[in-house]
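S.K.: Below: one structure in structure tokens.
Where a number appears in this text, it was derived from the coordinates with a stated rule and is not lab data. Because the structure is a prediction, the values reported are computed rather than measured. Cβ: placed from backbone, ideal geometry, glycine included. Neighbour counts: every protein chain shown.
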Amino acid sequence: MGYLRFLLTHPRFLSFGFGLNVFVALGQTFYVSLYNGEIRAAFSLSHGELAALYGSATIVGSVLLLVTGRLLDRVDLRWFTAVTTILVAIGCWLFSVTTTVTGLFVAIFAVRFAAQGLWGTCAQVSMARYFDEDRGKAAGVAGTGYALGYAIFPLIGAWLLTSFGWRDAWSLSGWFVLLIILPLIMVQLWGHGTRHRAYEAKLISLSGDTAKNPVQQWTLSDVLSDARFWLLQPSMVVVPCVVFSIQFHQLFLVETKGWNLTAFAGSYSLYAAVSLFATLTCGSLIDRYKSHRLIRFCVLPLVPALVALAVFDSPLIIPVVMALTGMTFGLSLVVYVTIWAELYGTKHMGAIRSFNIFFNVTIASGVMVLTGWLIDQGTTIAMMAIGGVVFVAISLICLEIAGRLPNRRLQGAP
């Protein structure tokens, strides 16, 4: 009932965050990698070479996000999102026409940077910035868009691939972005100027009043000097490193385990359903208990998922792995957005969130490149999965250390 009342109060703006997170799928690893087989054949690339190309393009996009993400703190959200949407369309069209490896690099960069990077940042920052008491619910509602994207985009991608081929699939996607998504976003953000002026007035009224506003409005430079920020990073990095590496190399995983590709792709529906449940549940819990108390639970489901991949080859573990990674992803969708607003305020959240995305994407891309190289070297899935478990253990140790640091500058720190 709390979610229903919240939705009825803010239907249009919540649909903006939800919708962007649905369409972010166009730049997500799980969707782009559906075309890996055709792309490798068209450009004569190995698993490791394509992973290196993909990871490099993603890292370049994350570096550029450091600059462009800061604009969210200064530029009208409507203009920012409109330009981003046009860039997504251009990226899709580049995919459809490129005939060189260099062109493929640019296409991957454009789609990853604009769709996965800028669209995702717009959704996350706007939900955390313009909601206060219901920040967890706002992030939860928007986060369910990811679940829907995971549920429908693999099916859409498979249909486009078999019906039109990979190039026409991306061309049609570009037209859909320009003719459908862009007008929809403009409708959803109608009247946003009034909302933003109210937000700015609230910041002014709370400035200097520590009784009403115990969280400082930290700048990015302040955040980078805080030990807690860096101790939180391993727990945030391990989720995309593990989840997206599995998804990017899903064809290799299916071939090695002897699984049916259709069955594996169909299991994304379970991934989406569990992610949806975890996201909505976590949104309510955050409004009650705060993000820093829940962050540990984001990474824990990865341990049994990785152990299952290391030990078993039966297709019966597919739903187990999908459910556990879906739970981790669903929890992280909310916690990894709201925790920055709780710890460091919302005024400079565009810059803070952009840096965090840059850091996470750079490390995760490097891990995807590493796993591609390990595959080419003949490394087993079991060995890579054990490495993932060690990574999770390190992240939990860092969280424990962060929780024991003295609280000197900020109320509400973990």
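S.K.: Using each residue's phi in the range 319-328, evaluate 6.51 cos²θ - 1.76 cosθ + 1.60 at θ = phi - 60° and report the 3J(HN,Hα) Karplus result to the nearest Hz, with x for Gly and Pro.
M.R.: Going residue by residue, I get x, 5, 5, 5, 5, 5, 5, x, 5, 4 Hz, with x marking Gly and Pro.
S.K.: Which FRET efficiency, nearest 0.05, do R40 and R296 yield, Cβ-Cβ r, R0 35 Å?
M.R.: 0.35
S.K.: Under a plain spin-label model, where a point goes 7 Å from the Cα along Cα-to-Cβ, how far apart in nm are Q233 and T380?
M.R.: 3.3 nm
S.K.: Mind checking the angle between helix 302-311 and the chain's longest principal axis? C-alpha axes, 0 to 90 degrees, to the nearest 10.
M.R.: For helix 302-311, the angle is close to 10 degrees.
S.K.: Mind checking which of L71, V243, I181 is farthest towards the positive end of the chain's charge dipole, using Cβ charges of +1 (Lys, Arg) and -1 (Asp, Glu) about the Cα centre?
M.R.: L71
S.K.: Cα axis of helix 227-248 to longest principal axis of the chain: angle in degrees, 0 to 90, nearest 10?
M.R.: Tilt of helix 227-248: around 30 degrees.
S.K.: Run the numbers for H196 and Y289: contour at 0.36 nm per residue of separation, minus the present Cα-Cα distance, in nm.
M.R.: The H196-Y289 span can extend by a further 30.8 nm.
S.K.: Evaluate E = 1/(1 + (r/R0)^6) for R167 and N260, where r is the Cβ-Cβ distance and R0 equals 45 Å; express this FRET efficiency to the nearest 0.05.
M.R.: Here the calculated transfer efficiency is 0.95.
S.K.: Then there's this: For the range 2-404, what D do you get in µm² per second when you plug the Kirkwood radius from alpha-carbon pairs into Stokes-Einstein at 4 °C and 1.567 mPa s? List each step's numbers first, then the result.
M.R.: Numbers: Rh = 21.3 Å.
For these conditions, the coefficient is 61 µm²/s.
S.K.: Also, I was wondering about something else. If I build a Gaussian network model for the chain, linking alpha-carbon pairs within less than 10 angstrom, which residue out of V187, V106, V32 has the largest mean-square fluctuation?
M.R.: V187
S.K.: Hey, another quick one. Of S269, T346, A158, which is farthest towards the positive pole of the chain's charge dipole, taken about the Cα centre with +1 and -1 on the beta-carbons of Lys, Arg and Asp, Glu respectively?
M.R.: Positive-end residue among those listed: T346.
S.K.: If we count every other residue with Cβ under 12 angstrom of A382's Cβ, Lys/Arg +1 and Asp/Glu -1, where does the sum land?
M.R.: Surrounding charge for A382 is 0.
S.K.: What ranking do R129, R167 get, fewest neighbouring Cβ atoms within 10 angstrom at the top?
M.R.: R167, R129
S.K.: Here's something else I'd like to know. Can you tell me how much longer the chain between L66 and V101 gets when fully stretched, taken as 0.36 nm per residue apart minus their C-alpha distance, in nm with one decimal?
M.R.: Additional length available on full extension: 10.0 nm.
S.K.: If Rh is defined by the Kirkwood formula over all Cα pairs and Rg also comes from Cα, what ratio Rg/Rh do you get for the range 1-42?
M.R.: A ratio of 1.33.
S.K.: Which whole-Hz ³J(HN,Hα) couplings does the range 131-136 yield from phi under the Karplus relation 6.51 cos²θ - 1.76 cosθ + 1.60, θ = phi - 60°, glycine and proline marked x?
M.R.: For the range 131-136, the Karplus curve yields 10, 10, 4, 9, 4, x Hz.
S.K.: Still on this structure, I have one more. Given R₀ = 22 Å, what would the calculated FRET efficiency be for S314 paired with E400, taking r from the Cβ atoms and rounding to 0.05? Walk me through the numbers on the way to the answer.
M.R.: Numbers: r = 35 Å, r/R0 = 1.58.
Approximately 0.05, to the nearest 0.05.
S.K.: Which angle between 0 and 90 degrees, to the nearest 10, do you get for helix 47-68 versus the longest principal axis of the chain when only C-alpha atoms count?
M.R.: The answer is roughly 20 degrees.
S.K.: Along Cα→Cβ, 7 Å out, is where each label goes; now give me the distance between the ones at L224 and F252 in nm to one decimal.
M.R.: The two pseudo-label positions are separated by 3.3 nm.
S.K.: Could I ask something else about it? Report the Cα-based extents of the range 227-289 along its three principal axes, largest first, to the nearest Å.
M.R.: 43, 28, 12
S.K.: Determine one quarter of the surface area of the Cα convex hull of the range 280-343, which equals its mean projected area, and express it in nm² to one decimal. Let's see the in-between values first.
M.R.: Numbers: hull surface 17.5 nm².
It is 4.4 nm².
S.K.: May I ask for the distance between the Cα centers of the range 302-316 and the range 102-151, given as a whole number of Å?
M.R.: For the range 302-316 versus the range 102-151, the Cα centre distance is 29 Å.
S.K.: Taking just the alpha carbons, could you work out the radius of gyration and Dmax for the range 172-287, both in angstroms?
M.R.: Just the Cα atoms of the range 172-287 yield Rg and Dmax of 21.8, 62 Å.
S.K.: Please arrange R70, R5 by counting, for each residue, the other beta carbons lying within 10 Å of its beta carbon, fewest first. List each step's numbers first, then the result.
M.R.: Numbers: R70 18, R5 11.
Listed from fewest to most nearby Cβ atoms, that is R5, R70.
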